[in-house]
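Visitor: Got a structure for you, written out below as structure tokens; questions coming shortly.
The values are calculated or read from the model by the stated rules, or taken from the named source; none is laboratory data. Quick caveat: nothing in here was measured; it's all calculated off a predicted structure. Please note: Cβ atoms are built from the backbone with ideal geometry, for glycine as well, and neighbour counts cover all protein chains shown. Surface areas here come from the heavy atoms of the whole protein model, side chains and all, with no ligands, DNA or RNA. Shrake-Rupley method; radii C 1.70, N 1.55, O 1.52, S 1.80 Å.
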Amino acid sequence: MIKKCLFPAAGYGTRFLPATKAMPKEMLTVVNKPLIQYGVEEAMAAGMTGMAIVTGRGKRAIEDHFDISYELEQQIAGTSKEEQMKDIRHIIDSCTFSYTRQVEMKGLGHAILTGETLVGNEPFGVILADDYCVSEEDPVLLQMVKLYEKYQCSIVAIEEVPADQTYKYGVIGGNEEKPGVFRIQQMVEKPDPEDAPSNLAIIGRYILTPDIFDVLRETSPGRNGELQITDALMSQAEHGRVIGYQFKGQRFDCGSVEGFVEATNYCFENYYKNGK
Ligand code: G1P
């Protein structure tokens, strides 16, 4: 059983300035829910109840969101507005939230290593909340948990991207053992198209085994001088211990304005209008 999910949430969200000047990018709302709430709901759907959030300066709104707001709740008690608080109340009642701060921005690998204190010595999920995922089948992280039960090693979610977009992602190369399931042999962080081992890009969903923390401690800074999770995973991949999984569903890059608008339209049409 994987019980914990780590949310690296210390980044600045500069692409959304000025919106993210005083507000965490994870609190940007797709229709009527902040991005990080979608992430937490996906983790819950995958059976996880321990939400471990790596924050930074200026991120207090995240903690307040996953806490009771007595005054507000008293105000709306007995009115139709109460219904709109149902989901978040359910989250608060069923999960525990723990936080630690990443003091310096030294890359995603560094953010994950900062979360070790919250995760401990057990396998865990990782959600990058600005990759918003939807699926008509199981939610993406649940698909990955099911795969973990079989493979018992680290798993990264992957999708095909146009060759000229590889510079934005970690890119994998490997053997397709079953349709959509790759035993990874190569991983490169943000390669130019000519250096990319394939057009299969890692998106923001991971299941990691806890030995990743020791590996991260031994990993040197990589792309952009930052500690990259992709490089640490490559060490596990050398031992055949990383699976790339072409998830079923759709992912919106809500770290970009275009992806964010697409996600908003999708959610409005598919969920909000139908009262979901
Ligand atoms: C990070 C990872 C990258 C991955 C991406 C998915 O990059 O470093 O390997 O493909 O997330 O969203 P970032 O988008 O934080 O630059």
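Residue-wise test of (1) open to solvent by 20 Å² or more (accessible area, probe 1.4 Å); (2) over 20 Å from residue 126 (Cα atoms); (3) touching a Leu at 6+ places or on another chain (Cβ under 6 Å).
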{"site": "23", "(1), (2), (3)": "yes, yes, no"}
{"site": "28", "(1), (2), (3)": "no, no, yes"}
{"site": "49", "(1), (2), (3)": "yes, no, no"}
{"site": "54", "(1), (2), (3)": "no, no, no"}
{"site": "59", "(1), (2), (3)": "no, no, no"}
{"site": "64", "(1), (2), (3)": "yes, yes, no"}
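Visitor: Next question, about the same structure. Given the conditions (1) out of contact with any helix residue (DSSP H, G or I) (no Cβ under 9 Å at 6 or more places or on another chain); (2) surrounded by 15 or more Cβ atoms within 10 Å (Cβ to Cβ); (3) part of a loop (DSSP other than H, G, I, E, B), which single one is not true for residue 266?
Guide: Residue 266 satisfies all of (1) out of contact with any helix residue (DSSP H, G or I) (no Cβ under 9 Å at 6 or more places or on another chain); (2) surrounded by 15 or more Cβ atoms within 10 Å (Cβ to Cβ); (3) part of a loop (DSSP other than H, G, I, E, B) except (3).
Visitor: Against the condition under 25 Å from residue 117 (Cα atoms), within 13 Å of the ligand (Cβ to nearest atom) and either touching a Gly at 6+ places or on another chain (Cβ under 6 Å) or at pLDDT 95 or above (or both), how does residue 226 come out, does it pass?
Guide: Yes: the conditions hold for residue 226.
Visitor: Let me ask something additional. Report, by residue number, each residue of region 90-112 that is more than 16 Å from the ligand (Cβ to nearest atom), open to solvent by less than 70 Å² (accessible area, probe 1.4 Å), part of a helix (DSSP H, G or I) and not hydrophobic (A, V, I, L, M, F, W, C).
Guide: 94 - this is the single residue of region 90-112 that is more than 16 Å from the ligand (Cβ to nearest atom), open to solvent by less than 70 Å² (accessible area, probe 1.4 Å), part of a helix (DSSP H, G or I) and not hydrophobic (A, V, I, L, M, F, W, C).
To keep it simple, each residue is scored yes or no on (1) closer than 17 Å to residue 51 by Cα; (2) touching a Lys or Arg at 6+ places or on another chain (Cβ under 8 Å); (3) among the hydrophobic types (A, V, I, L, M, F, W, C).
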position	(1), (2), (3)
93	yes, no, no
97	yes, no, yes
106	no, no, no
112	yes, no, yes
119	yes, yes, yes
126	yes, yes, yes
138	no, yes, no
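Visitor: Here's something else I'd like to know. Starting from residues that are touching a residue at least 60 places away in the same chain (Cβ under 8 Å) and touching a Pro at 6+ places or on another chain (Cβ under 9 Å), keep the ones in region 171-196 and report whichever is surrounded by the most Cβ atoms within 10 Å (Cβ to Cβ).
Guide: 172
Visitor: If we scan region 122-141, do we find a residue that is touching a residue at least 12 places away in the same chain (Cβ under 8 Å) and in a helix (DSSP H, G or I)?
Guide: yes
Visitor: Restricted to region 247-256, and to residues that are among the small types (Gly, Ala, Ser) and open to solvent by less than 30 Å² (accessible area, probe 1.4 Å), which residue is nearest to the ligand (Cβ to nearest atom)?
Guide: By that ranking, first place goes to 255.
Visitor: Looking at region 61-71, is at least one residue part of a loop (DSSP other than H, G, I, E, B) and aromatic (Phe, Trp, Tyr)?
Guide: The answer is yes; a qualifying residue exists.
Visitor: Out of all the residues in region 113-134, which are more than 16 Å from the ligand (Cβ to nearest atom) and buried (at least 17 other Cβ atoms within 10 Å of the Cβ)?
Guide: Once the filter is applied, which keeps residues that are more than 16 Å from the ligand (Cβ to nearest atom) and buried (at least 17 other Cβ atoms within 10 Å of the Cβ), region 113-134 yields 116, 118, 119, 123, 124.
Here's the yes/no breakdown for (1) closer than 22 Å to residue 26 by Cβ; (2) in a strand (DSSP E or B); (3) open to solvent by 10 Å² or more (accessible area, probe 1.4 Å); (4) within 16 Å of the ligand (Cβ to nearest atom):
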| residue | (1), (2), (3), (4) |
| --- | --- |
| 198 | no, no, yes, yes |
| 207 | yes, yes, no, yes |
| 213 | no, no, no, no |
| 220 | no, no, yes, yes |
| 230 | yes, no, no, yes |
| 240 | no, no, yes, no |
| 245 | no, yes, yes, yes |
| 271 | yes, no, yes, no |
